[in-house]
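Have a look at the structure below before the remarks.
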């Protein structure tokens, strides 16, 4: 067998292996709708849904669900955080808010640790309290080594800090976050924040009033 023939055979084998890999990867992706819309994965019991007992919560039985794929170190996500709180206050019974992790670790060095901290707090039923503290103090921890800061937040929330640290560093926590991020990617998320309204990806509204109108229009369809 000549050297040229060997090179051709190797090339063919590489092509076939590459094709098989792509077939395996894409077989796990959700099917697109006939209209080409990007659809968020179905909400499950493990999603971070604001509970009814929270003062600032939306209703679990609301007809409209807003899913945010967010990064705790993303400046835009921090700005939208305040808009979402206004929306929840305005649509107390009609709106349910879900947060899903999408840490952009290639540009935000502390995004994963922040997500791990929020998830660990959630295991002690303090996800949203930690979520708010992290976003509202983003400028104070983004450029530091924030682990001590997040432990201080846990302590301020009367959490078991030893359990908090253990849960924050657990492989199961990292897996949960990465699984959510993968689901977002397969649903079409490429940046943060990304919003799905009743499971359909929408263009991020420019301000509170525009966001409010989009949600009200969705409510009016019911």
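Details
- Extension gain, residue 175 to residue 190, is 3.5 nm, computed as 0.36 nm per intervening residue step minus the present C-alpha separation.
- Separation of the residue 140 and residue 162 label points, Cα + 7 Å toward Cβ, nm: 2.7
- Virtual spin-label span in nm between residue 155 and residue 212, 7 Å along Cα→Cβ: 4.1
- Highest-first arrangement of 148-154, 161-167, where packing means the average Cβ count within 10 Å: 148-154, 161-167
- When you count the other C-beta atoms within 10 angstrom of each residue and take the mean per peptide, 97-103, 206-212 line up highest first as 97-103, 206-212.
- Burial ranking of peptide ranges 40-46, 194-200 (average Cβ count within 10 Å, highest at the top): 194-200, 40-46
- Ranked by how many other Cβ atoms sit within 10 Å of their own Cβ, fewest first, the residues 61, 191 fall in the order 61, 191.
- DSSP assigns beta bridges within region 48-220; of those with both partners inside it, close to 55 percent run antiparallel.
- Averaging the Cα positions of each part gives two centres, and for region 182-220 and region 115-177 these lie 26 Å apart.
Read-outs throughout are calculated quantities, based only on the coordinates presented, and are distinct from any laboratory measurement. Not measured: the values here are computed from a predicted model. Note that each Cβ is placed from the backbone with ideal geometry, even for glycine, and that neighbours are counted across all protein chains shown.
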